[in-house]
Structures are given as structure tokens and as C-alpha cells.
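Peer 1: Let me begin by handing over the structure; questions about it come next.
The values are calculated or read from the model by the stated rules, or taken from the named source; none is laboratory data. These numbers were taken from a predicted model, which means no experiment stands behind them. With ideal geometry, Cβ positions are generated from the backbone for all residues, glycine too; neighbour counts draw on all protein chains shown. In case anyone asks, the SASA skips ligands and DNA or RNA and just uses the protein heavy atoms, side chains included. Shrake-Rupley method; radii C 1.70, N 1.55, O 1.52, S 1.80 Å.
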Amino acid sequence: MKTTDILGIILARGGSKRLPRKNIASLNGKPLLAYTCEAALGSTLLTRVILSTDDEDIAAIGRQYGVEVPFMRPAHLATDKADSMDVLLYVLQELEKREHYAPSLVVLLQPTSPLRTSAHIDAGIVLLQQTGADSVVSVTEVPHLHCPPHAMYIKDGKLIKAAPQSAEKFYAYNGAVYVRRSERLKQPGNPYGDNCLPLIMDPADSLDIDTDSDLELAKFLLKRKKS
């Protein structure tokens, strides 16, 4: 094993409630999963890309688009309550047991981020390598009107301000890129470590597919990019 081994892991289970079979839903003529496979394989820094799934149809599409599916995911790690950290640890344990393979960095990629590109993946890896951070997580700026200074709650039918005014910008995970050191993943406690850095992405690249409306918006954004 080389110390520069950087493993991309795509997580794509078969079940999904709000948008059934969303990981292989058609998006401008390709399965949703295909966009993440292509972005991962286009990365200049990932040295290996595998797909973790419990579903044979998803596995077949992953192989069709060039990623490895070395083993299937067990059913107890494919429920809507299964934690992605548990899935990552299972994948790493199986790779070490079956192949004596242990990457130095792990990059989690979710198929529901079709607008994330190879460049975003590489930027996250470079940021971690150059800074020595424990992890790098992609985020997008929270729209101004949704920030805490504008948040309210309802009490007795009346709107009540929920937070004091602030000039700070706020950010939220967008689900596109998670870069972590393998040893950090295996330690109990915070899986991101004490030194987690942001990879700030444009909102136009940060769409996370969860509903039919998200899928329609992704179709529009991809066509606009292409044109």
C-alpha cells in the first residue's frame, strides 16, 4: 500500500422513501448515480473508486460506469436509519480483511450531488493535504433570509425573533464531498476531528437530490451548464 492511496467511496443504497429508486433515477438521459461515478473517475487524485450498495441494479450501473463493486453491503447497513459512518467503517474493514488494503484518505461521495465535479473532489483533497486538517467537508452559504438573525418561531400564534442580529455568514453541509483521514474515521467520538475545514461550493453546484422537484431543477441546471 502507498501512503498516497486515496479511496473514493460512493454510497448508494436501494431504498429511498421520498423519491423511490432515486440513486438510479433518470437525469437527462443518464442514471443519477452516473454523474458521481464520472466525477470520481475524472479526479486526478483519487487512486481508487468503489461503490457500496445493497442493490444489484445499482451495482450493475456502477460497474457500467467504471467503478468497482468488490462486495455487496449487508441489509442492516442499508436501512434509512443506517449511519454513513458505520457503512464507511464496514467498507474499510472488509477491504483490509479481504485485500490487506488500507487507504490513507477516504473521500465519501453521495450520488445525490450530480452537480459536484471532479474539480470539487480534487480541491477538497488538496485542501486537506496542504493544511494537515483532520477532515474537509463541502458546504454552501446559507441564503441571507434563512440565516439565524432572520429566524423566528411561533408562540401563541405570534411571531417571535429566535436569534439576535448578526453580521456573520452561515454555512451548511451540502452533502457533495467529505474528505477524511482513515485513522480519524476509526477513532471514537467526532469523526470529523477537531480540525475540520470547509470546502465552500457555489449554490449552483450544491443541489442535493431528495424530491422530484430537486430532480427537475437538476435537469435544468445541467442543461444550462452544457449550453
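Peer 1: Go through the residues of region 172-180 one by one and say whether even a single one is part of a strand (DSSP E or B), more than 23 Å from residue 12 (Cβ to Cβ) and of a type outside the set (D, E, K, R). Let's see the steps before the verdict.
Peer 2: Narrowing region 172-180 to residues part of a strand (DSSP E or B): 172-180.
Narrowing further to those that are more than 23 Å from residue 12 (Cβ to Cβ): none.
Taking every residue of region 172-180 in turn, none turns out to be part of a strand (DSSP E or B), more than 23 Å from residue 12 (Cβ to Cβ) and of a type outside the set (D, E, K, R).
Residue-wise test of (1) aromatic (Phe, Trp, Tyr); (2) assigned to a strand (DSSP E or B); (3) more than 17 Å from the chain's Cα centre (by Cα).
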{"residue": "9", "(1), (2), (3)": "no, yes, no"}
{"residue": "23", "(1), (2), (3)": "no, no, no"}
{"residue": "38", "(1), (2), (3)": "no, no, no"}
{"residue": "49", "(1), (2), (3)": "no, yes, no"}
{"residue": "76", "(1), (2), (3)": "no, no, yes"}
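Peer 1: Scan region 135-168 residue by residue and report those that are at pLDDT below 95 and surrounded by 13 or more Cβ atoms within 10 Å (Cβ to Cβ).
Peer 2: Filtering region 135-168 for residues at pLDDT below 95 gives 141-168.
Of everything in region 135-168, those that are at pLDDT below 95 and surrounded by 13 or more Cβ atoms within 10 Å (Cβ to Cβ) turn out to be 141, 142, 147, 148, 149, 150.
Peer 1: Still on this structure: Tell me yes or no: at least one residue of region 108-123 is open to solvent by less than 50 Å² (accessible area, probe 1.4 Å), closer than 18 Å to residue 201 by Cα, part of a strand (DSSP E or B) and out of contact with any Cys (no Cβ under 8 Å at 6 or more places or on another chain).
Peer 2: Among the residues of region 108-123, at least one is open to solvent by less than 50 Å² (accessible area, probe 1.4 Å), closer than 18 Å to residue 201 by Cα, part of a strand (DSSP E or B) and out of contact with any Cys (no Cβ under 8 Å at 6 or more places or on another chain), which makes the answer yes.
Peer 1: Could you check, for region 156-165, whether at least one of its residues is under 30 Å from residue 21 (Cα atoms) and among the aliphatic types (A, V, I, L, M)?
Peer 2: The initial filter retains those residues of region 156-165 that are under 30 Å from residue 21 (Cα atoms), namely none.
Within region 156-165, none of the residues are under 30 Å from residue 21 (Cα atoms) and among the aliphatic types (A, V, I, L, M).
Peer 1: State which residue is nearest to residue 184 (Cα to Cα) when the search covers only region 50-95 and only residues that are surrounded by 18 or more Cβ atoms within 10 Å (Cβ to Cβ), touching a Leu at 6+ places or on another chain (Cβ under 6 Å) and not hydrophobic (A, V, I, L, M, F, W, C).
Peer 2: Looking at residues that are surrounded by 18 or more Cβ atoms within 10 Å (Cβ to Cβ), touching a Leu at 6+ places or on another chain (Cβ under 6 Å) and not hydrophobic (A, V, I, L, M, F, W, C), I get 52.
Peer 1: Could I ask something else about it? Look through 107, 137 and report the one residue that is in contact with a Gly (Cβ under 7 Å, 6 or more places away or on another chain), under 28 Å from residue 8 (Cβ atoms) and not aromatic (Phe, Trp, Tyr). Working first, answer last.
Peer 2: On the way: 137 fails: in contact with a Gly (Cβ under 7 Å, 6 or more places away or on another chain).
Criteria check complete, one pass: 107.
Peer 1: If you don't mind, another one. Does residue 126 satisfy the condition of being part of a helix (DSSP H, G or I) and modelled with pLDDT of 95 or more?
Peer 2: Working: part of a helix (DSSP H, G or I): yes; modelled with pLDDT of 95 or more: yes.
When the stated conditions are applied, residue 126 passes them.
Peer 1: What is the number of the single condition among (1) open to solvent by 30 Å² or more (accessible area, probe 1.4 Å); (2) farther than 23 Å from residue 180 by Cα that residue 14 does not meet?
Peer 2: That leaves (1) as the condition not met.
Peer 1: Read through the list (1) out of contact with any Phe, Trp or Tyr (no Cβ under 8 Å at 6 or more places or on another chain); (2) free of Cβ contacts under 8 Å to residues at least 40 places away in the same chain; (3) open to solvent by less than 90 Å² (accessible area, probe 1.4 Å), then give the number of the only condition that residue 181 fails.
Peer 2: (2)
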